[in-house]
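Trainee: Got a structure here, written out as structure tokens. Questions coming.
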Amino acid sequence: MRHRQDHRKLNRTASHRRAMLRNMVTSLFDNERITTTTAKAKEASRLAERMITFARRGDLAARRHVAKTVHDPKILQKLFDEIGPRFADRNGGYTRVLKLGIRQGDAADMALLELLNKDEKSRGKKKKPMKTYRKIDIPADPVIAAGKEKVKAEKQAAAEAKAAEKAAKAEKAAAAEDTAESETEEKPEEEAKTPEKEE
């Protein structure tokens with residue numbers, strides 16, 4: 001467990017580590033891109049982002065605080081005049097660590113630490129794709145399949161019975177209409193046959 005472990009020790013004493021990170025951050029502000037090991041890049045990124053946050057404030061107290069880390073006056077000036085205002089509208093995430101692979105000599109993980117450009121947008125959170133499972137054809141249970149077939153046959157028989165009933169009703173209705181039409185045709189003929197009684 002890593003309880004209360006704030007930073008990587010990088011196999012150095014405190015003073016050596018502090019000096020190394022100061023130099024790395026100064027080089028980063030000067031060149032805006034440095035190549036180093038991944039662990040060192042992540043630690044230098046933390047320190048560089050703190051310094052940029054102070055540079056965004058831009059007051060005298062912030063300048064004095066950053067001057068303890070960045071000893072070169074020209075780079076300190078650049079930090080407060082160019083780099084700080086560049087990230088005025090950005091809340092954190094001023095640097096980027098890109099992995100480069102392994103170093104040939106000692107197989108150390110190498111990385112590129114660089115400052116972002118002014119117009120660069122944040123990448124945002126990665127959307128994790130939902131887990132997709134392969135579809136496996138599982139054979140159906142024969143008992144369940146037989147039951148489903150039985151239900152299907154019953155439904156089909158009921159549908160056929162309904163269709164037959166509808167057809168029978170339609171035939172009856174058609175026959176009733178035919179008889180009604182024939183009766184209406186016969187009545188006028190009968191009326192024509194019966195002579196009118198003279199008074």
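Trainee: Explain nothing, just compute: Karplus ³J(HN,Hα) = 6.51 cos²θ - 1.76 cosθ + 1.60, θ = phi - 60°, for every residue of region 104-121 in order, whole Hz, x for Gly and Pro.
Mentor: Working through the residues one at a time gives 5, x, 10, 6, 7, 5, 9, 8, 10, 9, 9, 7, 6, 7, 5, 8, 6, 8 Hz.
Trainee: Any lysines with Cα under 19 Å of the Lys118 Cα? List them, leaving off those in the same chain fewer than 8 positions away.
Mentor: Straight-line reach from Lys118, under 19 Å: Lys78.
Trainee: Is the shape of region 14-115 best called rounded, prolate or oblate, per the rule: a/c under 1.5 gives rounded, else a/b larger than b/c gives prolate, else oblate, with a ≥ b ≥ c the square roots of the Cα gyration tensor eigenvalues?
Mentor: Prolate, since a/c reaches 1.5 and a/b exceeds b/c.
Trainee: Turning to a different aspect of this structure: Quick check: Cα centre of region 94-163 to Cα centre of region 33-48, how many Å?
Mentor: 35
Trainee: Moving on to the next point. In which sequence would His65, His7 go, from the one with the fewest C-beta neighbours within 10 Å to the one with the most?
Mentor: His7, His65
Trainee: In nm, to one decimal, how far is the Thr179 label point from the Ala153 one, both placed 7 Å along Cα→Cβ?
Mentor: If labels sit at Thr179 and Ala153, their model points lie 4.0 nm apart.
Trainee: Between rounded, prolate and oblate, where does region 135-181 land on the alpha carbon gyration tensor, with a ≥ b ≥ c its root eigenvalues, rounded for a/c under 1.5, else prolate if a/b exceeds b/c?
Mentor: prolate
Trainee: Right, something else. Just rank Ser27, Ser45, fewest to most, by other beta-carbon atoms within 10 angstrom.
Mentor: Ser27, Ser45
Trainee: Which of these values of log10 I(q)/I(0) by the Debye sum over Cα atoms at q = 0.09, 0.10 Å⁻¹ was calculated from the structure shown: [x] -0.37, -0.46; [y] -0.60, -0.66; [z] -0.30, -0.37?
Mentor: Answer by label: [y].
Trainee: Continuing with this model, one more query. Determine the relative contact order of region 32-127: mean sequence separation of Cα pairs under 8 Å and six or more apart, normalised by residue count, in whole percent.
Mentor: Across region 32-127, relative contact order equals 38 percent.
Where a number appears in this text, it was derived from the coordinates with a stated rule and is not lab data. Predicted model only: the values in this text are computed from it and were never measured. Neighbour counts run over all protein chains shown; Cβ positions are idealised from the backbone, glycine included.
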